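Here's the structure we're looking at; comments come further down.
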Amino acid sequence: MQTSDENKSLRLVGSSGAGKRKTQHDDAQQSTPGADAYYQHVEYYAQRMRDSSQAGDGIDALETALADSYDQRHGNDLYHAQEQLRLAEQRIESLKFELEQLREQVHTDPMTGAFNRRGLNTVYLREAARADRNENALCAVAVDLDDFSRINYQYGYQFGDAVLMHFARMARASLRPSDVVARYGGEEFIILLLDITPASAGWVMQRLRTNFSKKPLLDMDGHPVTVTFSAGIALRRFHENQNSLFERAYEALYLAKRSGKDAMRVAADSDKL
Ligand SMILES: Nc1nc2c(ncn2[C@@H]2O[C@H](COP(=O)(O)OP(=O)(O)OP(=O)(O)O)[C@@H](O)[C@H]2O)c(=O)[nH]1
């Protein structure tokens, strides 16, 4: 039950108009802004509602509580802290996005869009671990465009660049999206064929060869320019590291070049191919 003094105080507070009225708690709020003051304020009015015997008094107290706590709910430290938190979360999201873009730049050859060496190293570690875990086959193919210095000399360096971009595009289009195309050096590429049956690696590369030769670039006069490539294929042994695998792929590539170029060879140990 309320005493008559409390009722008086309740009515006084409740009848002075929402939003503008000043209560005995305003001073306390101003001197101690923030969450503590807010909760004290709420508790104060909650207590008054508990003590109230009539619905009208309770509603009065509730309205007053809402009006008096408006600034604290919307303009106080708690509100600002929540706003800061929201902005910080937004910033974190945009930083994550920037980081993702930077990571992509660090791992990509800007001209061809293929992985660069660093990107290839990262992908190799991941895919080799996966291949070991699942006992999947993984093939590395070393590719070198034939007589590229002559292409540059005859058609210009810019045309040579266009050939490199064209090769990377054709490789991506001819292989599975999960396969990896990386520019390893000037006119050298490494391709990783994942989860491939050894017998398939040869004809997958043959398909790339066919697609590449069927869509030649044109010179200034609109004539097609024939560009070929040589390739060496090596089937990865379980737990074989990158250097060893690529070395075997390069040995096979060397044999392909020695055989007259525009050719493919399979590394000796890849006997299942
Ligand atoms: N256009 C262009 N050419 C490049 C780039 N990087 C390397 N090259 C050229 O690639 C050529 C590679 O020449 P070589 O290593 O002699 O090989 P090749 O002429 O292809 O001869 P083979 O490998 O025996 O078929 C050089 O002329 C380099 O200047 C590049 O980013 N753009």
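The values are calculated or read from the model by the stated rules, or taken from the named source; none is laboratory data. What you see is a predicted model, and the numbers here were worked out from it, not measured in a lab. As a convention, Cβ positions derive from the backbone with ideal geometry for all residues, glycine included, and neighbour counts pool all protein chains shown.
Pairs only if they're at least six apart or on different chains, beta carbon under 7 angstrom, first in segment 153-165 and over 19 Å from His223 (Cβ atoms) and not assigned by TED's automatic domain parsing to the domain that holds Leu218, second within 7 Å of the ligand (Cβ to nearest atom) and modelled with pLDDT of 95 or more; list them, first residue then second. Nothing qualifies.
Residues are listed down the side, and each one gets a yes or a no for (1) modelled with pLDDT of 95 or more; (2) within 11 Å of the ligand (Cβ to nearest atom); (3) outside any helix (DSSP H, G or I):
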residue	(1), (2), (3)
Arg126	yes, no, no
Ala129	yes, no, no
Ala140	yes, no, yes
Asp144	yes, yes, yes
Ser149	yes, yes, no
Asn152	yes, yes, no
Phe159	yes, yes, no
Met165	yes, yes, no
Met170	yes, no, no
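The numbered conditions (1) touching a residue at least 24 places away in the same chain (Cβ under 8 Å); (2) over 35 Å from the mean Cα position of the chain (by Cα) are all true for Arg258 except (1).
Of all residues assigned to segment 226-233, at least one qualifies as being assigned by TED's automatic domain parsing to the domain that holds Phe148 and over 16 Å from Ala142 (Cα atoms).
Taking segment 209-243 as the range and being surrounded by 13 or more Cβ atoms within 10 Å (Cβ to Cβ) and part of a strand (DSSP E or B) as the test, the residues that pass are Leu217, Val225, Phe229, Ser230, Ala231, Gly232, Ile233, Ala234, Leu235. From the list Arg207, Arg265, the one residue that fits, being touching a helix residue (DSSP H, G or I) at 6+ places or on another chain (Cβ under 6 Å), of a type in the set (Lys, Arg) and under 30 Å from Gln105 (Cα atoms), is Arg207. Could you tell me which residue of segment 112-134 is farthest from Ile190 (Cα to Cα), considering only residues that are loosely packed, with under 14 Cβ neighbours inside 10 Å and of a type in the set (A, V, I, L, M, F, W, C)? That would be Ala129.
Yes/no per residue for (1) at pLDDT 70 or above; (2) away from the ligand (no atom under 16 Å from the Cβ):
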residue	(1), (2)
Ser16	no, yes
His25	no, yes
Gln54	yes, yes
Arg86	yes, yes
Glu93	yes, yes
Lys96	yes, yes
Leu99	yes, yes
Asn116	yes, no
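Among the conditions (1) assigned to a strand (DSSP E or B); (2) more than 16 Å from the ligand (Cβ to nearest atom); (3) not acidic (Asp, Glu), Val181 misses just one, which is (2). Only one of the listed residues (Ala137, Ala65, Ala61) is in the same structural domain as Ala162 (by TED's automatic domain parsing), at negative phi and crowded, with 17+ Cβ neighbours inside 10 Å. That residue is Ala137.
Mind checking whether some residue in segment 179-190 is in the same structural domain as Val225 (by TED's automatic domain parsing), among the basic types (Lys, Arg) and surrounded by fewer than 17 Cβ atoms within 10 Å (Cβ to Cβ)? No, that holds for no residue. Of the residues making up segment 193-233, those that are modelled with pLDDT of 95 or more and of a type in the set (Gly, Ala, Ser) number 3. Say whether the condition of being assigned to a strand (DSSP E or B), within 29 Å of the chain's Cα centre (by Cα) and within 16 Å of the ligand (Cβ to nearest atom) is met by at least one residue in segment 190-208. Yes, segment 190-208 contains a residue that is assigned to a strand (DSSP E or B), within 29 Å of the chain's Cα centre (by Cα) and within 16 Å of the ligand (Cβ to nearest atom).
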